[in-house]
Every structure is written in C-alpha cells, then in structure tokens.
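Participant: Dropping a structure here in structure tokens format, bear with me for questions.
The values are calculated or read from the model by the stated rules, or taken from the named source; none is laboratory data. Model, not experiment: these values are computed from the prediction. Cβ atoms come from the backbone with ideal geometry, glycine included; neighbour counts cover every protein chain shown. Just so you know, the surface numbers come from the protein's heavy atoms only, side chains and all, with ligands and any DNA or RNA stripped out. Shrake-Rupley method; radii C 1.70, N 1.55, O 1.52, S 1.80 Å.
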Amino acid sequence: PYDVLIVGGGPAGAAAAVYAARKGIRTGIAAERFGGQVNDTLAIENYISVPATDGPRFAAALQTHTRAYGVDIMDLQRADRLIPAAQPGGLIELQLAHGGRLQARTLILSTGARWRNVNVPGEAEYRNKGVAYCPHCDGPLFKGRRTAVIGGGNSGVEAAIDLAGIVAHVTLVEFAEQLKADAVLVRKLQSLPNVGIHTNAQTTEITGADGKVNGLRYKDRATGAEHLLPLEGVFVQIGLVPNTEWLKGTVELSRFGEIVVDAKGQTNLPGVFAAGDCTTVPYKQIVIAAGDGAKAALSAFEHLIRTPPV
Ligand code: FAD
C-alpha cells in the first residue's frame, strides 16, 4: 500500500506528491489527465516567480518535478469510489474506473473543478481566443478592450466589477429577470460608468472572425428581439463545478459540491485530506492550489507519524 495516495494530477496534486515524496514515504498519484485545468490554459502570468509561461509548458513542468522524486504516476486513471478505512490506522481503498484497486494509509483528494459552459455556438471555437472563464487570470489580457460577462450571480457581478477597472467597457448579460448577486455588489456594479447591464437576456452566440471573438449575440426574452454587442472578450461566469460527484455520500461536501476541509486540509474522514479547486478553500488559482497541496501532504505526513498502522 501507499503511505500517501493522491487523486488528481493538477497543481494541487503535483505539489502534494513532491512534498510527500520528499519525506521519503511511498507516494502514488492517480490522475485522469495529469496537469489538470492548466492543460487548457493559454497564458499564465500570475504564478509568483514565473512572470510568464503557458499552460502546456507549466503542466509538463509539474510532471517533470513530480517524476524527479520517484513518485508512482498513474496517468489516465479515473477514480470512481473511495472506501474509508474500517478503523483508525487501517487502509483506505480507492477503486479505479477500469476496475483496479489501490490501497493507502492516507489519501489526498485533488480532483479540481471545471467551469460550467453556456453551450452556445462560438464558445468552444473561440475558447482562449476571446472566450475566458477566469477574470483573475485573463482580465489583464483585455486591457482597453470591450468585454461581456455572462452570468449575474455573485461571481459574474464580481467579475464585471473587477474587469471594469481594467477594460474599456463591460456588458453584463443575465438570463433571469434580475441579477442574483448580493445587493451590495449590484449597487457597486450599477455605480460604475463603463458598465452596461442586460437582464432577461439569453446569450445565443459568441461571434468571431479571423480566429478571434468579435461579438456576442443575445435575445431579449421579453420582446424576442435579437441584439449584437461588438466586443473582443467574453467571460463565462455561470458556475464552477467541483469534480466530486463520485464522493457524494462518502466525504462531507458543501452545498456546492466542494469537499469541506479545515485549515490543515483535513476532511471529515480520518486520514483523508483534500486540496485545490475541489475544496471549500476560496479563490480557485494555481498558486493557491499548489500551496494547499503542500499543506495537505504535510498534514498527511503528520497523521502517519501519529497513527500506528493496524
Ligand atoms: P485541476 O487543475 O482541475 O486538476 C484536477 C486533476 O484531477 C486533473 O489531473 C484531473 O484529471 C484529475 N481528476 C479529476 N477527477 C478525477 C477522478 N475522479 N479520478 C482521478 N483524477 C481525477 N489559475 C491561475 O492561477 N492563473 C491562470 O492564469 C489561470 N488560467 C486559467 C485558465 C483556464 C482556461 C482555466 C480553466 C483555469 C485557469 N486557472 C488559472 C485556474 C487554475 O487552472 C486552477 O485553479 C488550478 O488548475 C487548480 O488546480 P487543482 O490541482 O486543484 O485542479
């Protein structure tokens, strides 16, 4: 069995693997797709000490660093069941979708999250070519340009307020009749001079030309009228979904499906820790996921030295 078994090979999982392996304990990492969301990222400019890199290069570096410590890397492996230890100090079991089983004294869950898509024509085609999901990451790329934010919940309205300070103009497009964000955020948004708000507006298409976004088409749901906003960027903010469906009923999850962790990354199950975008820790970013992965590995190590095996 592994001393530490990590599920998920994004920044959180890779950091956990390096920290665990450096303790000289048997460490494995099973990931559906090593690198995680970073694989789909174009420019990364906010990982401190690395002024600029791109996603595939960052993902490759995660793997090189993890390999350097002799970690057992099991790529292209999806976990679909966690069986907790029968007693404290017992072995935790992980079932893989293809039928294999792995055992470990501690487990670190770092399965990340995925952005919910609007599923309109143009979204997939222009992803990273004007269609973006993370204002903290990609906001500065649209400096001085016109953008839209799809989604009027807290994350959409926060994104629009954030972008308004960077870009030329922001249009917020919300499907429902009213913005669902907290009133204090809505008031702040309404006070900004370079923001337009359309409610009851259904996004129907993200348009583009020459491989770049050039507009957003929406339908006024009250009148049925179609409108086209000329712009250069669209931020989709209709939800971030943690990859935790397979843990429902086993590990405590928040109402958003995030794994509930304490300050040490401990879940409700003894010996099971979690880190990164799949947890309740706020602000989903690479540097935060990596830090939390390191923290979870140190917590797992502490658990191992305090818990006699049975
Ligand atoms: P993830 O990166 O999501 O990795 C999860 C891992 O778990 C993957 O290996 C996945 O295959 C695996 N997995 C999932 N389910 C299972 C399962 N059941 N069994 C086994 N493995 C599983 N952040 C920044 O800081 N700067 C940026 O510039 C930036 N740009 C971004 C651009 C885009 C387009 C996107 C989508 C995100 C961006 N982010 C950025 C956010 C950043 O990528 C995430 O915060 C970060 O990757 C989270 O790391 P993680 O390890 O928690 O999860």
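Participant: Determine, for each peptide in 229-239, 204-214, 289-299, the mean count of other beta carbons within 10 angstrom over its residues, then list the peptides with the highest first.
Facilitator: 289-299, 229-239, 204-214
Participant: Where in segment 163-183 is the amide nitrogen less than 15 Å from a point lying 7 Å along the Cα-to-Cβ axis of GLN202?
Facilitator: 174-177
Participant: Listed highest first by mean packing, meaning other Cβ atoms within 10 Å per residue, what order do 51-64, 259-272 come in?
Facilitator: The peptides rank, most packed first, as 259-272, 51-64.
Participant: Using a 4.7 Å Cβ cut-off, which Cys residues in the chain lack a partner cysteine?
Facilitator: Isolated Cys, the chain: CYS278.
Participant: Here's something else I'd like to know. Pick out, in residue order, every one of the GluC sites (Glu not before Pro) in segment 84-182 that is DSSP loop and has at most 12 other C-beta atoms within 10 Å; say none if there are none.
Facilitator: GLU177
Participant: Using Cα pairs closer than 8 Å and at least 6 residues apart in sequence, work out the relative contact order for the chain, in percent.
Facilitator: Relative contact order comes out at 21 percent.
Participant: If you take the beta carbon distance between GLU226 and ASN194 as r and set R0 to 25 Å, what does 1/(1 + (r/R0)^6) give as a FRET efficiency, to the nearest 0.05?
Facilitator: Details: r = 24 Å, r/R0 = 0.97.
FRET efficiency, GLU226 to ASN194: 0.55.
Participant: Quick check on the chain: helices-only [θ] at 222 nm, where DSSP H runs of length 4 and up contribute -39,500 (n - 2.57) each and the sum goes over total residues. Nearest 500, please.
Facilitator: It comes out at -6500 deg cm²/dmol, rounded to the nearest 500.
Participant: Would you list which aspartates and glutamates come within 18 Å of LYS129, measuring only between C-alpha atoms, while excluding same-chain residues fewer than 8 positions from it?
Facilitator: Candidates past the 8-residue exclusion: ASP40, GLU45, ASP54, ASP138, GLU205, ASP210, GLU232.
Participant: Determine the share of segment 1-68's accessible area contributed by carbon and sulfur atoms, expressed in whole percent, with a 1.4 angstrom probe.
Facilitator: Of the solvent-accessible surface of segment 1-68, carbon and sulfur hold 54 percent.
Participant: Could you state the accessible area per residue of segment 245-310 in Å², with a 1.4 Å probe and every protein chain left in place?
Facilitator: Counting only protein heavy atoms, the per-residue value for segment 245-310 is 49 Å².
Participant: Can you tell me what share of the DSSP beta bridges in the chain is antiparallel? A percent to the nearest 5 is fine.
Facilitator: Beta bridges within the chain, antiparallel portion: roughly 45 percent.
Participant: Here is a follow-up. Under a 5 Å amide H to amide H cut-off, with H placed in plane at 1.01 Å, what residues pair with THR203 once short-range neighbours are removed?
Facilitator: It is LYS219, by chain and number.
Participant: Using Cα centres only, tell me the gap between segment 39-71 and segment 165-202 in whole Å.
Facilitator: When both Cα centres are located, 34 Å separates them.
Participant: Report, by chain and number, residues whose modeled amide H sits under 5 Å from the one on LEU216, excluding near sequence neighbours (fewer than 5 apart, same chain).
Facilitator: For LEU216, the qualifying residues are THR207, LEU229, LEU231.
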